[in-house]
Amino acid sequence: MTPELEPQPAQVRENHEPEEERRPLPVLYVLVFGMLTFFGFQYSITEAGDGPSNSGDRRTPVPAVVKQETGEAIFKRACSSCHQADGKGVPGTFPPLAGSPWVVGSQETPVRIVTLGLGGPLDVNGTVYNGAMPAIGATMKDDEVARVVSYIREGFGNKATPVDGATVAAVRRALSGRKDALTGGDELVTLGHKSP
């Protein structure tokens with residue numbers, strides 16, 4: 001051997017170049033993959049959308065229940081800031097609802113007030129109020145106006161009959177086309193208000 005062909009000491013220390021070996025997948029992996037493929041294919045064929053698209057996992061659908069806002073809740077949201085939570089109003093500024101003849105008299109009167117609003121002088125039990133009430137019922141449905149008016153007529157010590165949605169609808173038909181607020185107690189009497 002010639003000195004040029006002999007392996008040098010640095011070459012002897014080197015490892016051989018790695019070679020890629022064939023290593024088969026473990027049998028367990030092949031079996032699990034095959035079973036998943038088989039059951040997935042079987043499921044897609046047997047559950048192939050013959051039923052309605054909303055059937056999902058076949059539970060019985062439960063219809064959504066829309067809870068109606070009570071008359072008390074509507075009052076607290078829309079009326080109590082002026083008339084107060086106890087319905088006694090603010091002396092000299094906002095009239096009381098408790099014991100008011102405008103509330104417990106004709107059913108139509110509080111419906112008219114809530115629907116159109118009220119401005120001008122209003123005598124409540126000997127005290128004249130001359131404020132302005134907005135038409136809060138203009139954005140409410142008939143049954144919502146009926147619930148809040150009924151709550152006012154039956155609450156705060158008042159003992160008047162409740163109002164139904166048909167009464168509200170009839171009052172609104174009679175007032176159709178009118179946009180301006182009622183002008184006080186005199187107009188309410190003209191429209192047919194009767195005290196209890």
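Annotations
- Rounded to the nearest 20 debye, the dipole size of the chain about its Cα centre is 1740 debye, using +1 on the Cβ of Lys and Arg and -1 on the Cβ of Asp and Glu.
- Backbone amide hydrogens, once placed in the peptide plane, bring Tyr129 within less than 5 Å of Leu122, Asp123, Val124, excluding anything fewer than 5 places away on its chain.
- Cross-link table Lys67/Lys159; Lys159/Lys179; Lys67/Lys141, entries beyond 24 Å C-alpha to C-alpha: Lys67/Lys159; Lys159/Lys179
- Cα-centred dipole magnitude for region 115-196, charges only on beta-carbon of K, R (+1) and D, E (-1), debye, nearest 20: 140
- Counting protein heavy atoms only, the chain has 58 percent of its accessible area on carbon and sulfur, 1.4 angstrom probe.
- Sorting the segments 74-87, 142-155, 94-107, 121-134 by their residues' average number of neighbouring beta-carbon atoms within 10 angstrom, most packed first, yields 142-155, 94-107, 74-87, 121-134.
- With protein chains left intact and a 1.4 Å probe, residues in the chain average 72 Å² of accessible area per residue.
- Projecting the Cα atoms of Gly155, Val145, Gly119 onto the dipole axis of region 95-196, where Lys and Arg carry +1 and Asp and Glu carry -1 at the beta carbon, places Val145 farthest toward the positive end.
- Considering helices alone, the calculated mean residue ellipticity of the chain at 222 nm is -11500 deg cm²/dmol, with DSSP H runs of length four and up weighted by -39500 (n - 2.57) and normalised per residue.
- Taking all protein chains as they are arranged and a probe of 1.4 Å, the heavy atoms of Leu25 leave approximately 130 Å² accessible to solvent.
- Under 14 Å from Lys76, Cα to Cα: aspartates and glutamates that are on another chain or at least 8 residues apart: Asp86, Glu144
- Entry for Rg and Dmax of the Cα atoms in Å (calculated from the structure that is shown) out of [x] 15.8, 45; [y] 17.6, 52; [z] 40.5, 135: [z]
The values are calculated or read from the model by the stated rules, or taken from the named source; none is laboratory data. Computed from a predicted structure; not experimentally measured. Using ideal geometry, Cβ is built from the backbone for each residue, glycine included, and neighbour counts are taken over all protein chains shown. When the accessible area is computed, the model is the full protein with side chains, heavy atoms only, and any ligands, DNA or RNA have been set aside. Shrake-Rupley method; radii C 1.70, N 1.55, O 1.52, S 1.80 Å.
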